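Engineer: Got a structure for you, questions after.
The values are calculated or read from the model by the stated rules, or taken from the named source; none is laboratory data. Only a predicted model underlies this, so the values are computations on that prediction, with no experimental measurement involved. So basically every Cβ, Gly included, is an ideal-geometry build from the backbone, and we count neighbours across all protein chains shown.
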Amino acid sequence: MKLSVYIVTLNEEERLENTLKAASQVADEVLIVDSGSTDRTEEIARKYGARFIFNKWKNISSQKRFAQNECRFDWVLSLDADEVLSDGLIREIEELKNLEENQSQNAYKIKITAMYPGDKKPRFFANHYNLVRLYNRTKATMPDDLTHDRVVLAEDCKVIQLKNEIYHFSYISLTKIWHKYNSYSDELVRTAIATGTGYSKFRLVFEFPIQFLRYYILRGQFLHGWWGFISAVTSAYFRFLKIAKYIEYQMTKGKG
């Protein structure tokens, strides 16, 4: 089992090195698809022997599909530049690579766990999500369809849950988080317009408080002190911003 790890980047010099240190322990190839970094991203990528390719940004699903299709091997692992394989996951993937039986019908889900600044290991009740990230691209694929990046599986593809996790270090600074959310909300609005998805104006009133309570209470961010409070507020505002920008489009350029 030969494995390609693919990562899409834009100005990721502050986080990419830790990602590559871990990924290079399991990868037979690391592929970086960059959309125009002006910092040390390319230098860091080449330091770890990664193949570095430029591709103009269209949207996240399109960029990840391009990266997947440029990989040399059928077995691929999709990572973001702020995600680090845990030691346990490195060992688990190595064990999979050394299995003799045919695994081509399988895809593997991996838990992705939020890490706050200064964290060396996940906190109790840390937020996480669970996605297919390790798969054989002859049986699964990343579609280019103006949606969130996600893996679509063939009907005969069996999904198996891995035990260990990816650490997600999304936070660098509030300035960069706001910049990311501002750009990403623009992309989501373009997707909504292109796909005919709509948002009610009434959601503007309730979206922020409902989403804040969802993140802060239901998802347990109140357990993580001020970092949890900051994270809940910024996540709720991102949800509000997406709808506000869509309503703005309706009232200025659309039919509203």
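Engineer: For residues in the stretch 113-153 being surrounded by fewer than 14 Cβ atoms within 10 Å (Cβ to Cβ), free of Cβ contacts under 8 Å to residues at least 40 places away in the same chain and more than 19 Å from the chain's Cα centre (by Cα), which is farthest from Met1 (Cα to Cα)?
Structural biologist: Gly118
Engineer: Scanning for something surrounded by fewer than 16 Cβ atoms within 10 Å (Cβ to Cβ), under 29 Å from Thr9 (Cβ atoms) and free of Cβ contacts under 8 Å to residues at least 24 places away in the same chain, does the stretch 196-209 turn up at least one residue?
Structural biologist: Residues of the stretch 196-209 that are surrounded by fewer than 16 Cβ atoms within 10 Å (Cβ to Cβ), as a first pass: 196-198, 200-202, 204-206, 209.
Filter again for under 29 Å from Thr9 (Cβ atoms), leaving 197.
Still in the running and free of Cβ contacts under 8 Å to residues at least 24 places away in the same chain: 197.
Yes, that holds for at least one residue.
Engineer: Give the stretch 1-29 a look and list any residue that's surrounded by fewer than 20 Cβ atoms within 10 Å (Cβ to Cβ) and in contact with a strand residue (DSSP E or B) (Cβ under 7 Å, 6 or more places away or on another chain), or say none.
Structural biologist: Met1, Lys2, Leu10, Asn18, Ser24, Asp28, Glu29
Engineer: Give the residues of the stretch 30-57 that are surrounded by 14 or more Cβ atoms within 10 Å (Cβ to Cβ), polar (S, T, N, Q) and either more than 13 Å from Ile7 (Cα to Cα) or not assigned by TED's automatic domain parsing to the domain that holds Leu85 (or both), sorted by residue number.
Structural biologist: Ser37
Engineer: All but one of (1) among the hydrophobic types (A, V, I, L, M, F, W, C); (2) touching a helix residue (DSSP H, G or I) at 6+ places or on another chain (Cβ under 9 Å); (3) outside any helix (DSSP H, G or I) hold for Ala22, so report the exception by its number.
Structural biologist: (3)
Engineer: Right, another one. Does Thr147 satisfy the condition of being modelled with pLDDT of 90 or more, on the phi < 0 side of the Ramachandran plot and out of contact with any Gly (no Cβ under 8 Å at 6 or more places or on another chain)?
Structural biologist: no
Engineer: Would you check if Glu43 is at pLDDT 95 or above, part of a helix (DSSP H, G or I) and charged (D, E, K, R)? If you could, list the steps in order and put the result at the bottom.
Structural biologist: Details: at pLDDT 95 or above: yes; part of a helix (DSSP H, G or I): yes; charged (D, E, K, R): yes.
The answer is yes for Glu43.
Engineer: Looking at Gln161 and the list (1) surrounded by 12 or more Cβ atoms within 10 Å (Cβ to Cβ); (2) in contact (Cβ under 8 Å) with a residue 12 or more places away in the chain, which single condition is not satisfied?
Structural biologist: (1)
Engineer: Next question, about the same structure. Of Ser78, Ser61, which residue is polar (S, T, N, Q) and not in a strand (DSSP E or B)?
Structural biologist: Going through Ser78, Ser61 in turn, just one is polar (S, T, N, Q) and not in a strand (DSSP E or B): Ser61.
Engineer: Restricting the search to the stretch 95-112, which residues are of a type outside the set (A, V, I, L, M) and at pLDDT 95 or above? Please lay out each step first, then the result.
Structural biologist: Restricting attention to the stretch 95-112, the residues satisfying the condition of being of a type outside the set (A, V, I, L, M) are 95, 97-98, 100-106, 108-109, 111.
Of everything in the stretch 95-112, those that are of a type outside the set (A, V, I, L, M) and at pLDDT 95 or above turn out to be Tyr108, Lys109, Lys111.
Engineer: Return the only residue of Val76, Val84 being closer than 15 Å to Asp28 by Cα, within 20 Å of the chain's Cα centre (by Cα) and β-branched (Val, Ile, Thr).
Structural biologist: Val76
Engineer: Tell me yes or no: at least one residue of the stretch 91-100 is crowded, with 17+ Cβ neighbours inside 10 Å, closer than 29 Å to Gly220 by Cβ and either in the same structural domain as Val152 (by TED's automatic domain parsing) or of a type in the set (Val, Ile, Thr) (or both).
Structural biologist: Applying the first criterion (crowded, with 17+ Cβ neighbours inside 10 Å) to the stretch 91-100 yields 92-93, 96.
Applying the additional criterion that residues be closer than 29 Å to Gly220 by Cβ yields 92-93.
Retained after the next criterion (residues that are either in the same structural domain as Val152 (by TED's automatic domain parsing) or of a type in the set (Val, Ile, Thr) (or both)): 92-93.
Yes; the residues of the stretch 91-100 include at least one that is crowded, with 17+ Cβ neighbours inside 10 Å, closer than 29 Å to Gly220 by Cβ and either in the same structural domain as Val152 (by TED's automatic domain parsing) or of a type in the set (Val, Ile, Thr) (or both).
Per-residue answers, yes or no, for (1) out of contact with any helix residue (DSSP H, G or I) (no Cβ under 6 Å at 6 or more places or on another chain); (2) not in a helix (DSSP H, G or I):
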residue: Val8; (1), (2): no, yes
residue: Thr38; (1), (2): yes, yes
residue: Gln68; (1), (2): yes, no
residue: Ile90; (1), (2): yes, no
residue: Leu96; (1), (2): yes, no
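Engineer: Taking the stretch 132-183 only, how many residues are touching a strand residue (DSSP E or B) at 6+ places or on another chain (Cβ under 8 Å) and small (Gly, Ala, Ser)?
Structural biologist: 3
Engineer: Exactly one condition in (1) part of a strand (DSSP E or B); (2) surrounded by fewer than 17 Cβ atoms within 10 Å (Cβ to Cβ) is not met by Val84; state its number.
Structural biologist: (2)
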